[in-house]
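Below is one structure, written out as structure tokens, with a few remarks after it.
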Amino acid sequence: MSRQKRVIMAVIIFGSFIYIVLTQAVHILGGAPGEPVHPEIRKFCSSASRKNVNIEYEDSNLPVIYVVTPTYRRPEMVAELTRLGQTLTMVKRIHWIVAEDSHTCSPPITSLLDRLGLSYTHLASPMPEVYRREKYVPRGVSNRRAALQWVQENGEDTGVLYFLDDDNAIDIRLFNEMRLTQTVSMWPVGLIGEYTVSSPVVKGNQVVGFYDGWPAGRKFQVDMAGFAVNIGYLKKQKKVTMPYIAGHEEDGFLKSLNLNLKDIEVKADGCTNILVWHTRTAKNPSRTLRLAHHQATNIKPLTDNMRKMGRLTMSAEQRTNLKFLVQLGKTPSEALGMLQKVYGMRQCHAHVFLSGARGSKRAGRTWKMTPGVEDPQRAGMRPMLSVSSRWCVTIVG
Ligand code: UGA
Ligand code: MN
């Protein structure tokens, strides 16, 4: 073999080696965009079939609609799910999958599901921490993915999958529209984005594009509430997924179904009617509870119930305990761990601040003096403690 040939051979072998190493590294370190590197935590809590209603609601000739609702603990959670769940009781052959972004299923939701008498599945799957730290958090993805797995394993092939967020508003006529979906069906969603509506563009009963205020390079410019999928069709696809990429969950999911625009079934009178709205509920800030004069009145059990329903606000008692723990020299994460153990605030894992001066550190490090983050006008006043996280606790004063 000439020297030149040997060099070429060596370059080819070395190149192949580098290629294999790099592809393996990408696979091991990151995988496909939006796909988690570590296994996700999934907890199945309970399932039940429909009860206490007219048998007509369980007409087995009708395909089941599997409605997937992601939710997370916050003061509004029980209100949102009560409203949505009561709407669903008016619909035939529904299986409601309530998927919590959490390690565990919340007891008030378990009892709500039981009371409603719907056919349901209750599960939990927390968002992996790595995504929670992102600037734009992919909301409701871990829990939808867990529900998707449940549907792939348990859903009837004739059935239909529909993602319905807990804060949306729906006209029950939409369920008649989607029930006989053969592949993927679509319709407009109201009260969303730049154009106050997001809709497929339809010509001659075929989808030819999308009318949506946020194209963002998406093939399918639709909202989560704007489509339904036949379960038999879903099961036939090789790798169904929903990526952890904020704003691209719908597009990523629909692309993973190997869908072409021409396959889309047009609903809601040729996409001229709005039967679902992307309504949003205002967030209620946590307030400090003032319970000193109410230990013997209804206000004590009332606030205890609010706490159970997700309205967790730290009481004066907990605040005193936190100050005590700080004085004992506990780190923020140790102190939070102890408070969580006693008060059951499992979701409080964000920031712990000791306020009064400059600087702040995340829980797990040392305590630092900082201006009150929840209450800026108090900055520079007497030191105060505040524990803040995405939904649970605020201590001020
Ligand atoms: C919009 C879309 O309608 C969502 O389907 C999409 O997941 C979301 O944007 C996104 O791209 O991140 P939007 O109203 O902006 O929804 O978001 P939320 O209503 O706050 O959250 C969507 C769903 O995820 C809700 O059902 C909510 O309960 C749930 N969620 C939200 C969680 O499970 N965990 C969270 O931390 C936040
Ligand atoms: Mn929403």
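The values are calculated or read from the model by the stated rules, or taken from the named source; none is laboratory data. Computed from a predicted structure; not experimentally measured. Methodologically, a virtual Cβ is constructed for each residue, glycine included, from the backbone with ideal geometry; neighbour enumeration extends over all protein chains shown.
So here's what we get for this one:
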quantity: Flag if Ile172 is over 15 Å from the mean Cα position of the chain (by Cα), within 14 Å of ligand 2 (Cβ to nearest atom) and β-branched (Val, Ile, Thr); calculated: no
quantity: Every residue from the stretch 83-113 that is closer than 28 Å to Asp304 by Cβ, in contact (Cβ under 8 Å) with a residue 40 or more places away in the chain and not hydroxyl-bearing (Ser, Thr, Tyr); calculated: Leu84, Ala99, Glu100, Asp101, His103, Cys105, Pro107, Pro108, Leu113
quantity: Where His103 falls short, out of the listed (1) away from ligand 2 (no atom under 16 Å from the Cβ); (2) under 24 Å from Glu177 (Cα atoms); (3) within 13 Å of the chain's Cα centre (by Cα); calculated: (2)
quantity: Subset of the stretch 118-136 (residues that are within 16 Å of ligand 2 (Cβ to nearest atom) and in contact with a helix residue (DSSP H, G or I) (Cβ under 6 Å, 6 or more places away or on another chain)); calculated: Met127
quantity: Some residue of the stretch 275-295 being closer than 18 Å to Ala147 by Cβ and within 13 Å of ligand 1 (Cβ to nearest atom); calculated: no
quantity: Those residues of the stretch 267-280 which are surrounded by 19 or more Cβ atoms within 10 Å (Cβ to Cβ) and over 14 Å from Met224 (Cα atoms), in sequence order; calculated: Lys267, Ala268, Cys271
quantity: Lone qualifier among Arg139, Arg144, Arg115 - being away from ligand 2 (no atom under 16 Å from the Cβ) and in the same structural domain as Cys45 (by TED's automatic domain parsing); calculated: Arg115
quantity: Failed condition for Gln4, given (1) exposed (fewer than 10 other Cβ atoms within 10 Å of the Cβ); (2) outside the structural domain of Asp101 (by TED's automatic domain parsing); (3) at pLDDT below 75; calculated: (3)
quantity: Search result, residues across the stretch 53-82 that are at pLDDT 90 or above, away from ligand 1 (no atom under 12 Å from the Cβ) and closer than 21 Å to Ala228 by Cβ; calculated: Asn61, Leu62, Pro63, Val64, Ile65, Tyr66
quantity: Filter result for Ala216 (surrounded by fewer than 22 Cβ atoms within 10 Å (Cβ to Cβ) and within 16 Å of ligand 2 (Cβ to nearest atom)); calculated: no
quantity: Selection status of Pro126, touching a residue at least 12 places away in the same chain (Cβ under 8 Å) and within 16 Å of ligand 1 (Cβ to nearest atom); calculated: yes
quantity: Of all residues making up the stretch 238-273, the number that are under 27 Å from Gly204 (Cβ atoms) and more than 16 Å from ligand 2 (Cβ to nearest atom); calculated: 21
quantity: Elements of type strands (runs of 3 or more DSSP E) in the stretch 191-291, at least 3 residues being in contact (Cβ under 8 Å) with a residue 12 or more places away in the chain and in the same structural domain as Asp304 (by TED's automatic domain parsing); calculated: none
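One line per residue, one yes/no per condition, for (1) away from ligand 1 (no atom under 16 Å from the Cβ); (2) on the phi < 0 side of the Ramachandran plot:
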position	(1), (2)
Arg145	no, yes
Gln152	yes, yes
Gly155	yes, yes
Asp165	no, yes
Met178	yes, yes
Thr181	yes, yes
Pro188	no, yes
Gly193	no, no
Ser198	no, yes
